1. Somewhere in the stretch 159-176, is a residue more than 10 Å from the ligand (Cβ to nearest atom), surrounded by 20 or more Cβ atoms within 10 Å (Cβ to Cβ) and in contact (Cβ under 8 Å) with a residue 12 or more places away in the chain?
2. When you check Glu89 against the structure, is it under 29 Å from Lys201 (Cβ atoms) and surrounded by fewer than 14 Cβ atoms within 10 Å (Cβ to Cβ), yes or no?
3. What are the residues in the stretch 245-259 that are touching a residue at least 40 places away in the same chain (Cβ under 8 Å) and part of a loop (DSSP other than H, G, I, E, B), if any?
4. Does the stretch 60-78 contain any residue that is away from the ligand (no atom under 16 Å from the Cβ) and either under 21 Å from His191 (Cα atoms) or buried (at least 23 other Cβ atoms within 10 Å of the Cβ) (or both)?
5. Can you confirm whether Tyr45 is out of contact with any helix residue (DSSP H, G or I) (no Cβ under 7 Å at 6 or more places or on another chain), within 16 Å of the ligand (Cβ to nearest atom) and part of a helix (DSSP H, G or I)?
6. Within the set of pairs 6 or more residues apart or between chains, which connect a residue that is surrounded by 24 or more Cβ atoms within 10 Å (Cβ to Cβ) inside the stretch 218-244 to a residue that is of a type in the set (Val, Ile, Thr) and part of a loop (DSSP other than H, G, I, E, B) with Cβ atoms less than 8 Å apart?
Amino acid sequence: MAEVVIVGSPEDAGTLVAAEIVRLVGRDPQAVLGLATGSTPLPVYRALRKQAAGVDLSGVRGFALDEYVGIAPEHPESYASVIRREVVEPLGLDPELVHVPDGDPERIAVSGGEYERAIEAAGGVDLQILGIGTDGHLGFNEPGSSFASRTRVKTLTAQTRRDNARFFPSLDDVPRHCITQGLGTILRARHLVLLAFGAGKAAAVAGAVEGPLTASLPASAIQLHPHATVVVDEEAASQLRMAEYYRYAWENKPAGQGL
Ligand code: F6R
């Protein structure tokens with residue numbers, strides 16, 4: 001079962017996860033991070049900026065989870081732009097070492113395989129940061145995605161397009177397709193850290209952590225992973241049946257174990 005950590009605020013979550021990343025980079029300056037986009041991971045990246053002041057992150061390698069298909073990498077809301085703006089530049093990562101799937105429609109038949117090979121060549125992802133969709137998606141693996149899936153093109157659900165319309169001038173501007181690491185790709189990372197904040201994520205979080213293992217709720221795939229950590233605020237934790245146990249286990253966790 002995933003370790004569930006219920007925190008007071010997204011900022012607390014950011015502090016906790018950033019500390020884990022600093023520990024990881026301390027052990028391996030060339031650690032490989034799996035990078036989520038969207039609003040959820042932003043407190044982690046912000047906290048990392050503070051905690052890593054004085055830590056050399058220039059050897060850290062990164063792989064984004066996903067990218068839209070059909071908008072140019074220069075578009076301000078492409079995940080290539082978001083990763084550059086929110087992660088690479090503020091943290092001083094080497095842009096050559098940080099990869100985003102290629103969403104060019106002309107290359108879509110080959111770019112998934114190339115991305116898989118690049119992750120493999122890097123030795124795999126050490127720590128994968130994840131958000132969760134209100135429909136339970138992980139990466140952009142929408143409901144129905146195979147647990148064995150690898151990086152490939154997917155069609156975004158109407159719900160995901162509505163959720164993400166806040167980043168675009170209008171709903172019509174939200175791309176309909178994406179390229180995303182598969183659930184099988186994500187499950188190969190050595191440590192999964194899924195974050196979720198707000199009541200809107202509560203049902204998806206409860207399904208992912210305590211519901212049946214089902215492709216209908218892709219984030220339930222984390223139940224298959226031997227080292228998955230779920231960091232949620234009170235609202236996102238509000239539908240967890242075993243919340244009291246998670247709090248008890250966290251409060252009594254042996255010191256010095258990290259996440
Ligand atoms: C982003 C990603 C998505 C988001 C999810 C939640 O790279 O893969 O799964 O994590 O859509 O988005 P936010 O964080 O904006 O609520």
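1. Yes, the stretch 159-176 contains at least one residue that is more than 10 Å from the ligand (Cβ to nearest atom), surrounded by 20 or more Cβ atoms within 10 Å (Cβ to Cβ) and in contact (Cβ under 8 Å) with a residue 12 or more places away in the chain.
2. Details: under 29 Å from Lys201 (Cβ atoms): yes; surrounded by fewer than 14 Cβ atoms within 10 Å (Cβ to Cβ): yes.
When the stated conditions are applied, Glu89 passes them.
3. To start, the set of residues in the stretch 245-259 that are touching a residue at least 40 places away in the same chain (Cβ under 8 Å) comprises 246-247, 249-250, 258-259.
Gly258, Leu259, listed by residue number.
4. Residues of the stretch 60-78 that are away from the ligand (no atom under 16 Å from the Cβ), as a first pass: 60-61, 70, 72, 74.
Still in the list and also either under 21 Å from His191 (Cα atoms) or buried (at least 23 other Cβ atoms within 10 Å of the Cβ) (or both): 60-61.
For the stretch 60-78, residues away from the ligand (no atom under 16 Å from the Cβ) and either under 21 Å from His191 (Cα atoms) or buried (at least 23 other Cβ atoms within 10 Å of the Cβ) (or both): present.
5. Values: out of contact with any helix residue (DSSP H, G or I) (no Cβ under 7 Å at 6 or more places or on another chain): no; within 16 Å of the ligand (Cβ to nearest atom): yes; part of a helix (DSSP H, G or I): yes.
Against the criterion (out of contact with any helix residue (DSSP H, G or I) (no Cβ under 7 Å at 6 or more places or on another chain), within 16 Å of the ligand (Cβ to nearest atom) and part of a helix (DSSP H, G or I)), Tyr45 does not qualify.
6. Ala219/Ile132
Here's the yes/no breakdown for (1) away from the ligand (no atom under 14 Å from the Cβ); (2) touching a residue at least 12 places away in the same chain (Cβ under 8 Å); (3) of a type in the set (A, V, I, L, M, F, W, C):
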position	(1), (2), (3)
Asp94	yes, yes, no
Leu97	yes, yes, yes
Val100	no, yes, yes
Pro105	yes, yes, no
Val125	no, yes, yes
Leu130	no, yes, yes
His137	no, yes, no
Gly144	yes, yes, no
Thr157	no, yes, no
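Any read-out appearing in this document is the output of simple, stated calculations on the displayed coordinates, not a laboratory observation. Keep in mind that what you see is a predicted model, and the values were worked out from it rather than measured. Reconstructed Cβ throughout: ideal geometry from the backbone, glycine too, with neighbour counts over all protein chains shown.
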